[in-house]
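Peer 1: Sharing a structure with you now.
None of the figures in this text is laboratory data; all of them are computed from the coordinates on show. Not measured: the values here are computed from a predicted model. Backbone-built Cβ (ideal geometry, glycine too); neighbour counts: all protein chains shown.
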Amino acid sequence: MLKNELIRENFNNMKYTKEHPLRVIELFSGIGSQRSALENAGIPHKVVAISEIDKFALKSYNEMYDHCLDSGETINLGDITKIDPKDVPDCDFMTYSFPCTDISSLGHEQGLVEGTYTRSSLLWECRKLIKHKKPKYLMLENVKMLLSKKNKPQFNKWLATLDSFGYNSYYKVLNAKDFGMPQNRERVFVISIRKDIDDNTFSFYKPFPLQCRLGSMLESSVDNKFYLKYDLIKDMQFIPRTHNLGYVTTSPVANLNHFAHRHMNCVFDEKSISPTLTTMQGGNTQPKVLIKNPPKGVSTIELNDNTYGVRKLTPKECWRLMGFYDYQFEKAQSVNSNSQLYKQAGNSIVIPVMSYIFKNLFK
């Protein structure tokens, strides 16, 4: 993968150096996308601690980052509800992208009100750690629904809490397709800077035209098991394109006319961009791509005098769409199943988006 190479810049005036790196804590770390984004942006850093309870995510994290958990270079603080702030190392930058489970349109929508014990209400567990450690910088990422009519009062309450702790906060909805990744993924990013060091110059990186499409993320050869069976594709119909292909289109090119849920019937092609990746836990929920003249041994149909097959995106392709390098995926693949690899991609944060944010934040 070469996309992330475009993010590397000359940081001669950087605040942090190899001798004095940015000290980082990743709460709800997952597979460490924040860590990878700092690496890709060329920012000297040291992840002193994480907080994660998913044993499969921890296996990937440890394997991807040189067994840092095994060696003790990075400590896992574990369950955020049980962390004593006195046990948390000093840090300059804390990330706390809490679970979207109860605010996502695809989730339970039970909200994030403090004391309701939803997964999303774990946000409020971060308060004690931020208040005690007072990092210079904070970052939150979550779904766009965080700003919905239902959730906005809690979001505003959180910003007011940070303000009372001495932070200025800046937030914006950013889409991965505007930062080099062919995935339609809108997320809210919140950057908070301690008031005593904030010079009021921070701004989010400006979007730029997408130069690649889904085809550039696809593997050249995949196992036949990723192709759909004939019963699932026999009623497929093409959907005429209504947009010039010079534009970024999130529209499918075909409809399977099989599944009960619309998004599961959508089929994209190499000139499209991917829909938002979810955790894709079974039932053909992975995004699907149209393959002209597919390999032998897979189910096909004839459309407009051409032979087509339809397959699911592979776990590696999903990791690519989140901005991870293939070597990182292969390390995680050595310790996890495809089901977990899909889930880890869907739960992660698009790396290039953060790398551009970090370029402006730590310049």
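Peer 1: How much length is gained if the chain between Asn306 and Asp70 is pulled fully straight, taking 0.36 nm per residue apart and subtracting their Cα-Cα distance, in nm to one decimal? Don't skip to the answer; put the middle values down first.
Peer 2: On the way: separation 236, 0.36 × 236 = 84.96 nm, distance 5.28 nm.
That works out to 79.7 nm of additional length.
Peer 1: To continue, here is another question. Residue separation times 0.36 nm, minus the C-alpha to C-alpha distance between Gln281 and Glu219: what's the value?
Peer 2: Working: separation 62, 0.36 × 62 = 22.32 nm, distance 2.11 nm.
Roughly 20.2 nm would be gained on extension.
Peer 1: Something else: For the chain, what does -39500 (n - 2.57) per DSSP helix run (n ≥ 4), summed and divided by total residues, give at 222 nm, in deg cm²/dmol to the nearest 500?
Peer 2: Values: 11 runs with 86 residues, N = 363.
Helix-only estimate at 222 nm: -6500 deg cm²/dmol.
Peer 1: What is the diffusion coefficient of region 220-313 in µm²/s, taking the Kirkwood radius over Cα pairs and the Stokes-Einstein relation at 4 °C with a viscosity of 1.567 mPa s? Mind showing how you got there, number by number?
Peer 2: Details: Rh = 13.7 Å.
Taking Rh from Cα pairs, D becomes 95 µm²/s.
Peer 1: So, counting K/R as plus one and D/E as minus one, what does the shell of residues with Cβ under 13 Å around Met264 add up to? Show your work: numbers first, answer last.
Peer 2: Details: positive: Arg262, Lys288, Lys312; negative: none.
With Lys, Arg at +1 and Asp, Glu at -1, the net is +3.
Peer 1: Give me the number: length gained by fully extending Lys229 to Glu270, i.e. 0.36 nm times residue separation minus the C-alpha to C-alpha distance, one decimal in nm. Intermediate results must be reported in sequence, preceding the final value.
Peer 2: On the way: separation 41, 0.36 × 41 = 14.76 nm, distance 2.06 nm.
Using 0.36 nm per residue and subtracting the Cα-Cα distance, I get 12.7 nm.
Peer 1: For the chain, what relative contact order do you get, as a whole percent, if you take Cα pairs closer than 8 Å and at least 6 residues apart?
Peer 2: Values: 689 pairs, mean separation 63.2, N = 363.
17 percent.
Peer 1: Rounded to whole Å and sorted largest first, list the principal axis extents of the Cα atoms in region 271-363.
Peer 2: Each principal axis gives a Cα extent; for region 271-363 these are 55, 30, 23 Å.
Peer 1: Taking the Cα centre of region 220-313 as origin and charging only Cβ (+1 Lys, Arg; -1 Asp, Glu), how large is the dipole, in debye to the nearest 20?
Peer 2: Working: 11 positive and 7 negative charges, 32 e Å.
Magnitude of the dipole: close to 160 debye.
Peer 1: Report the semi-axes of the equivalent ellipsoid for region 128-211 in whole Å, largest first, where each axis is √(5λ) for an eigenvalue λ of the Cα gyration tensor.
Peer 2: 25, 17, 10
Peer 1: Moving on to the next point. Within the set of other residues whose C-beta is less than 13 Å from the C-beta of Leu232, count the net charge using Lys and Arg as +1 and Asp and Glu as -1. Please report the intermediate quantities before stating the final value.
Peer 2: On the way: positive: Lys229, Lys234, Lys288, Arg311, Lys312; negative: Asp231, Asp235.
Spelling it out: positives minus negatives among the neighbours equals +3.
Peer 1: Right, next: Ranked from highest to lowest mean number of other Cβ atoms within 10 Å per residue, what is the order of the peptides 161-168, 329-336?
Peer 2: Numbers: 161-168: 15.8, 329-336: 18.0.
In descending order of packing, they fall as 329-336, 161-168.
Peer 1: Consider a paramagnetic label point 7 Å from the Cα of Ser334 along Cα→Cβ; state which residues of region 43-68 have an amide N under 14 Å from it.
Peer 2: Answer for this model: 59-68.
Peer 1: For a quick protection proxy, order the peptides 69-82, 130-143, 308-321 by their average other-Cβ count within 10 Å, most packed first. If you can, show how the numbers build up before the last one.
Peer 2: Details: 69-82: 14.4, 130-143: 19.7, 308-321: 23.4.
Order by mean packing, descending: 308-321, 130-143, 69-82.
Peer 1: If you look for lysine pairs in region 220-313 that are eight or more places apart or on different chains, how many of them have Cα atoms under 20 Å apart?
Peer 2: Taking region 220-313 as the scope, the lysine pair count is 20.
Peer 1: Have a look at the DSSP beta bridges in the chain and tell me what percent are antiparallel, nearest 5. Walk me through the numbers on the way to the answer.
Peer 2: Numbers: 29 of 47 bridges.
Bridges in the chain that DSSP calls antiparallel: roughly 60 percent.
Peer 1: Further question on the same structure: Wrap a convex hull around the Cα atoms of the chain, take a quarter of its surface area, and give that in square nanometres.
Peer 2: Numbers: hull surface 75.5 nm².
For the chain, averaging the hull's shadow over all directions gives 18.9 nm².
Peer 1: Within region 78-95, what residues put their amide N at less than 13 Å from the label point 7 Å along the Cα-to-Cβ vector of Lys15?
Peer 2: It comes to 91-94, nothing else.
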